[in-house]
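Here the structure is laid out as structure tokens; the discussion comes afterwards.
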Amino acid sequence: MTQAERDRLVTLKKAKKRLITQREAAEELDLTVRHVKRLLKALKKRGDKAVIHGLRGRPSPHRIAEACERQAVKSCRIRSTGASGRRWRANTGARSTAWR
């Protein structure tokens with residue numbers, strides 16, 4: 001848990017114990033009162049984990065498969081000769097007009 005998340009948790013626990021109002025907690029956290037109410041509800045349901053982002057520790061659903069990534073890197077290394085344009089066509093024998 002980061003320091004910012006700990007600070008947020010302390011403020012929410014103060015609001016939960018009614019040491020400060022929800023409005024004061026919202027001002028302190030720079031959130032809306034509605035969002036503070038939602039966080040307090042989550043705090044009651046999930047405990048301290050309510051202030052931590054739900055995707056922390058999980059891999060991204062958008063990441064590329066490792067085998068695909070290796071294949072892409074391998075093909076880039078093969079194609080990349082450091083030459084561009086005409087020198088690339090001369091080195092590879094390509095007749096593409098896309099490089100002009």
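The values are calculated or read from the model by the stated rules, or taken from the named source; none is laboratory data. Please read all numbers here as calculations on a predicted model, not as lab measurements. Every residue, glycine as well, gets a Cβ built from its backbone with ideal geometry; the counts of neighbours run over all protein chains shown.
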Restricting attention to the stretch 28-71, the residues that are hydrophobic (A, V, I, L, M, F, W, C) and in a helix (DSSP H, G or I) number exactly 11
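Yes or no, residue by residue, for (1) surrounded by 11 or more Cβ atoms within 10 Å (Cβ to Cβ); (2) at pLDDT 90 or above:
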{"residue": "Thr11", "(1), (2)": "yes, yes"}
{"residue": "Thr32", "(1), (2)": "yes, yes"}
{"residue": "His35", "(1), (2)": "yes, yes"}
{"residue": "Gly47", "(1), (2)": "no, yes"}
{"residue": "Ala50", "(1), (2)": "yes, no"}
{"residue": "Glu69", "(1), (2)": "yes, no"}
{"residue": "Arg100", "(1), (2)": "no, no"}
